[in-house]
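This structure is in structure tokens; I'll ask about it shortly.
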Amino acid sequence: MRRLLLCALVASTAFLFVARIGAQSSAMETPEANPGRPTVSTPATLTPVGYLQFENGGLYAETSPEFTTLFGINQVTKLTVASRLQLLALSEPLAQASGATGDALSGNRPGEVFAGFQAVVLRGEGHKPTVSLSYIRRLYASPAPEFDIGTFKNSALILVSDDLAGFHFDINGIFSEQTKGVIRRGQFGQTLSISHPLRRLTVAGELWHFTQPLTGRNAVGNLWAVSYPVRKNLVLDAGFDHGLTPSSTQWEGFAGFTYLLPHRLWGFHDQK
């Protein structure tokens, strides 16, 4: 619980810092952020063209096949360079674990680093959903322990987002390559996230499943989260995740924020 409180404190401090920066920009001039956190699912829609978006947070997890406890700080940077193409950078600056098993190591160390892109293949219009494809590759492999879904060398995703009857749906199909020494195995995952506004809050519930090809098991869990827009370009979030199978991480708490930098990196052009 101390680590969870520390996670919340770090996130809260970051919130205040980012909020002060964001106050320098007029809400009329800044487009809305498009958060990909805190759910496992990633939205098929992209961030505004030409703006940097940062998704940062901390998490505390316990009772997992690979560790006893884990505190981590994660960061995702997104930049949409064209109306249908977005670049991604994902990293975990800090992973602090205890009770690591197998080849994983306990202690403080940096987590893994990934980079990739997401491309819209079908733009949502009317009753049609937005459909995107994404590819992510690992650039740095860390000795820190992983969550129940493991880590991957390459990953391809099909992403679908739509709105129906006042609810927002994000559905992902995930195809990854997991490796251990000379062993290479394919991993398959499915996620379904459903969210609904409740006044200014947005409440999200999610069910996810991933195969565990290196152990022949399956990880299944459900996630609940709330998010709150401080302003158009700053969204705070918090929630928890509970594993539903013995090979899943049993409990995870998290808090973080999404911040869209209010200054565009290049001149305006047609975004259609």
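The values are calculated or read from the model by the stated rules, or taken from the named source; none is laboratory data. Everything numeric here is computed off the predicted structure, so don't read it as measured data. Cβ sites come from the backbone with ideal geometry, for glycine too, and all protein chains shown count toward neighbours. Each accessible area value is taken on the protein alone, full model and side chains, heavy atoms only, with ligands, DNA and RNA left out. Shrake-Rupley method; radii C 1.70, N 1.55, O 1.52, S 1.80 Å.
Could you identify the single residue in S142, S132 that is in a loop (DSSP other than H, G, I, E, B) and open to solvent by less than 30 Å² (accessible area, probe 1.4 Å)?
S142
Let me ask something additional. When region 57-89 is examined, which residues are found to be of a type outside the set (K, R) and not in a strand (DSSP E or B)?
Matches in region 57-89: P65, E66, S83.
Whether any residue in region 226-234 is aliphatic (A, V, I, L, M), closer than 16 Å to P43 by Cβ and surrounded by fewer than 16 Cβ atoms within 10 Å (Cβ to Cβ) is what I want to check.
No, region 226-234 contains no residue that is aliphatic (A, V, I, L, M), closer than 16 Å to P43 by Cβ and surrounded by fewer than 16 Cβ atoms within 10 Å (Cβ to Cβ).
Taking the options F254, F210, F240, name whichever one is of a type in the set (F, W, Y), surrounded by fewer than 22 Cβ atoms within 10 Å (Cβ to Cβ) and within 20 Å of the chain's Cα centre (by Cα).
Just one listed residue meets the conditions, F240.
Just checking, does region 122-137 include any residue being free of Cβ contacts under 8 Å to residues at least 60 places away in the same chain and of a type in the set (G, A, S)?
Yes: region 122-137 contains one or more residues that are free of Cβ contacts under 8 Å to residues at least 60 places away in the same chain and of a type in the set (G, A, S).
Still on this model: Have a look at G58, G50 and point out the one that is on the phi > 0 side of the Ramachandran plot and open to solvent by less than 40 Å² (accessible area, probe 1.4 Å).
Among G58, G50, only G50 is on the phi > 0 side of the Ramachandran plot and open to solvent by less than 40 Å² (accessible area, probe 1.4 Å).
Test F175 against the criterion of being under 25 Å from L85 (Cα atoms), buried (at least 16 other Cβ atoms within 10 Å of the Cβ) and touching a strand residue (DSSP E or B) at 6+ places or on another chain (Cβ under 9 Å), and give yes or no.
no
Of the residues L157, L87, which is open to solvent by 50 Å² or more (accessible area, probe 1.4 Å), touching a Phe, Trp or Tyr at 6+ places or on another chain (Cβ under 8 Å) and aliphatic (A, V, I, L, M)?
None of the others qualify; the one that does is L87.
Still on this structure: Could you please find all residues in region 84-118 being farther than 20 Å from E66 by Cα and among the small types (G, A, S)?
Correct list: A89, A115, G116.
What pairs come out if I take residues in region 155-176 that are touching a residue at least 12 places away in the same chain (Cβ under 8 Å) and under 17 Å from L223 (Cα atoms) and pair them with residues that are open to solvent by less than 20 Å² (accessible area, probe 1.4 Å) and outside any strand (DSSP E or B) whose C-beta lies under 6 Å away, six or more apart or interchain?
Every condition considered, the pairs that remain are D170/S41; D170/P43; N172/S41.
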